[in-house]
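Only one structure is covered here, and it is reproduced in the block below.
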Amino acid sequence: MFDRTLDCARRMDRDDVLARFRTEFHIPKGPQGKDEIYFCGNSLGLQPRRTAEYVNEFLRDWAAMGVRGHFEGKNPWLPYHEFLTEGLASLAGAEPSEIVAMNSLTVNLHLMMVSFFRPTSSRFKILIEDHAFPSDTYAVDSHLRHHGLDSAKALVRISPRPGEELIRDEDLFNLIEREGSSLALILLPGVQYYTGQVLPMAEIVNRGHTVGAVVGFDLAHAMGNIVLNMHDWNADVAAWCSYKYLNSGAGSVAGCFIHERHVKNTALPRFAGWWGHNKSTRFQMGSEFQPIPTAEGWQLSNPPILSLAAIRASLDVFTKAGSMAVLRAKSEKLAGYLEYLLQAECGGHLDIITPADPTRRGCQLSLSLRSAGKDVHQRLETAGVVCDWREPNVIRIAPVPLYNTFDEVYRFVHLLKGLL
Ligand SMILES: *Cc1c(COP(=O)(O)O)cnc(C)c1O
């Protein structure tokens with residue numbers, strides 16, 4: 001399928017059904033005014049061109065209508081978050097009633113734990129990964145303390161075996177089985193941020209439910225990256241941010257999935273706010289909280305429309321591109337090509353720690369440099385490649401199917417080869 005020639009890259013770009021979507025984005029320019037090779041969409045996705053238009057629509061409506069903007073205009077603010085539901089549901093593989101755009105990712109993790117981490121004297125442990133993103137670890141640890149639990153006893157961590165980078169499924173499943181009836185919550189990533197490993201989510205839910213635990217996922221690196229089926233996989237909850245593969249701008253409003261079987265249970269304990277209250281009586285300003293019987297029942301405040309406008313713009317690009325399956329087809333090919341060329345051109349200088357199995361990875365390949373150091377990353381930046389460096393020796397490269405090209409992969413690998 002691949003060979004080492006530049007022609008091969010150009011041919012794949014010519015055949016790429018998504019090629020025209022690159023022009024939907026602002027591509028940052030390097031020092032010489034040339035497009036940068038932007039492989040950092042796993043950290044901050046690029047800005048869709050239409051974002052300004054959607055944000056400006058809000059600003060114009062606000063200027064022209066003041067408070068009437070809540071109800072009037074083409075996209076009134078009162079139901080504005082609902083305009084995102086279908087697009088997010090499609091990316092998460094969920095029913096609309098299971099989805100809400102709100103808050104930020106870490107806040108949503110907290111809100112989900114308030115409702116779904118209900119420790120008892122015998123079932124009180126949380127299982128996370130040893131190398132979890134720090135915010136997730138802090139959030140989980142603070143809930144344990146909040147319940148008067150000691151994380152030395154109540155926090156169970158799954159790690160790769162010594163000398164290995166990836167979590168083995170069998171180790172994870174064995175740990176779930178071993179902890180069994182003491183496990184209250186399993187909170188794992190869909191895609192591990194450092195290695196790019198996709199965890200077997202459906203099977204984790206199965207195994208977790210078998211021992212009676214609640215199963216939640218952090219989809220920060222999974223939404224907009226891999227095909228998800230949160231509803232069918234039967235996950236209890238999930239949360240994600242929207243500024244990585246969802247291209248909605250730094251700090252933009254995050255999302256949350258709560259399975260249908262939970263959302264109707266309005267008796268579930270939760271931290272409440274007026275935006276989660278029954279829409280038909282919200283403005284009667286009563287003192288008794290009646291949660292909306294969908295994921296929206298976990299909303300706290302009226303949301304920032306500026307940010308929701310950016311998400312709406314981004315979701316429209318996803319909708320135009322078709323399904324996640326279309327994006328995945330290109331993504332697998334881009335990652336496969338990157339892997340092929342790295343092995344062919346830079347073979348002895350680095351190891352790809354991301355799984356080789358395409359079903360167990362997303363866009364990102366994490367490259368562990370054998371002897372070269374951080375200066376390689378700096379020189380890549382100088383040469384117009386944007387990617388990120390993780391201590392001690394890992395470069396994460398994420399070619400994104402909506403805006404990256406095979407030609408960029410080719411040029412990147414040859415730049416890297418020159419530096420190694
Ligand atoms: C990016 C990321 C975060 C960031 O959290 P915010 O609350 O959005 O700042 C948290 N967890 C994971 C796994 C991430 O990848």
Which lysines have a Cα less than 22 Å from the Cα of residue 125, not counting those fewer than 8 places away in the same chain?
153
Dividing the alpha-carbon Rg of the stretch 356-420 by 2.2 N^0.38 Å yields what?
1.12
Report P(r) for the stretch 215-357: all Cα-Cα distances, bin width 10 Å, range 0 to the bin holding the largest distance, values in whole percent.
10, 28, 31, 18, 8, 4, 1
GNM result for the chain, Cα springs below 10 Å: residue of 87, 373, 66 fluctuating most strongly:
66
Once Lys and Arg get +1 and Asp and Glu get -1 on their Cβ, which of 146, 366, 341 lies farthest toward the positive end of the dipole of the chain?
146
Expressed in whole Å with the largest first, what are the equivalent ellipsoid semi-axes of the stretch 1-89 derived from the C-alpha gyration tensor as the square root of 5 times each eigenvalue?
39, 17, 11
Compactness check, the stretch 28-161: C-alpha Rg relative to the 2.2 N^0.38 Å globular estimate gives 1.50
So, with +1 on the Cβ of K and R and -1 on the Cβ of D and E, and no other charges, what is the size of the charge dipole of the chain about its Cα centre, to the nearest 20 debye?
500
Label residue 250 and residue 274 with points 7 Å out from Cα along Cα→Cβ: what is the distance between them in nm?
3.2
Chain lengthening between residue 414 and residue 142 when straightened (0.36 nm per residue, less Cα-Cα):
93.3 nm
Assuming 0.36 nm per residue, please report the length gained on full extension of the stretch residue 1 to residue 164 beyond their Cα-Cα distance.
55.7 nm
Once you mark the chymotrypsin sites (Phe, Trp or Tyr not before Pro) that are in a DSSP loop and have at most 13 other Cβ atoms within 10 Å, what is the longest gap between them in the chain?
72-270
Relative contact order of the stretch 57-319, defined on C-alpha pairs under 8 angstrom at six or more residues apart (%)
23
Scalar couplings 3J(HN,Hα) for the stretch 48-54 by Karplus 6.51 cos²θ - 1.76 cosθ + 1.60 (θ = phi - 60°), nearest whole Hz, x for Gly and Pro, are x, 4, 6, 4, 4, 4, 5
Tell me which residues come under 5 Å, amide H to amide H, from residue 244 once H is placed; ignore anything under 5 positions away on its chain.
45
Checked against a 23 Å limit on the C-alpha separation, the offending pairs among 29/74; 374/417; 244/333 are 29/74
If you build the convex hull over the alpha carbons only and average its shadow over all orientations, what do you get for the stretch 51-104? Give it in nm² to one decimal.
4.5
Please arrange 227, 263 by how many other C-beta atoms lie within 10 Å of their C-beta, fewest to most.
227, 263
Final fewest-first order of 203, 296 on the 10 Å Cβ neighbour count is 203, 296
Residues listed by number, the stretch 10-34, amide nitrogen under 13 Å from residue 407 label point at 7 Å toward C-beta:
10-16, 19-20, 22-23
Compute the label zone of residue 75 within the stretch 313-346: residues whose backbone N is under 12 Å from the point 7 Å along Cα-to-Cβ.
313-317
For the chain, one quarter of the surface area of the C-alpha convex hull, expressed in nm², comes to 21.7
Cα pair distances in the stretch 318-388, grouped into 5 Å bins until the bin that holds the longest one, percent each:
3, 14, 20, 22, 18, 11, 7, 3, 1
Before anything else, pin down the relative contact order of the stretch 266-391: Cα pairs under 8 Å, at least 6 apart, normalised by residue count, whole percent.
15
Label model pair residue 150, residue 290: point-to-point distance (7 angstrom along the Cα→beta-carbon line) in nm is 4.7
Taking 375, 35, 218 and counting other C-beta atoms within 10 Å, the order from fewest to most:
375, 35, 218
How large is Rg over Rh for the stretch 306-353, taking Rg from the Cα atoms and Rh as the Kirkwood inverse mean of 1/r across Cα pairs?
1.25
Short version: ³J(HN,Hα) in whole Hz for each residue of the stretch 172-184, in order, from phi by Karplus 6.51 cos²θ - 1.76 cosθ + 1.60 (θ = phi - 60°), x for Gly and Pro, what are they?
5, 5, 5, 5, 4, 5, 5, 6, x, 6, 8, 7, 8
Where a label projected 7 Å from the Cα of residue 391 along Cα→Cβ would reach, residues of the stretch 131-173 with amide N under 17 Å
131-135
State the percent of C-alpha pairs, over all pairs in the stretch 142-216, separated by a distance greater than 21 angstrom.
30
Report the residue, chosen from 149, 246, 111, that carries the largest GNM mean-square fluctuation when the chain is represented by alpha-carbon nodes joined by springs under 10 Å.
149
Please compute the length gained on full extension between residue 27 and residue 319, using 0.36 nm multiplied by the number of residues separating them and subtracting their Cα-Cα distance.
103.1 nm
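Laboratory data are not the source of any read-out in this text; all were calculated from the coordinates shown. Small disclaimer: the values here were computed from a predicted structure and weren't measured. Neighbour counts are summed over all protein chains in view; Cβ atoms, including those assigned to glycine, are modelled from backbone coordinates with ideal geometry.
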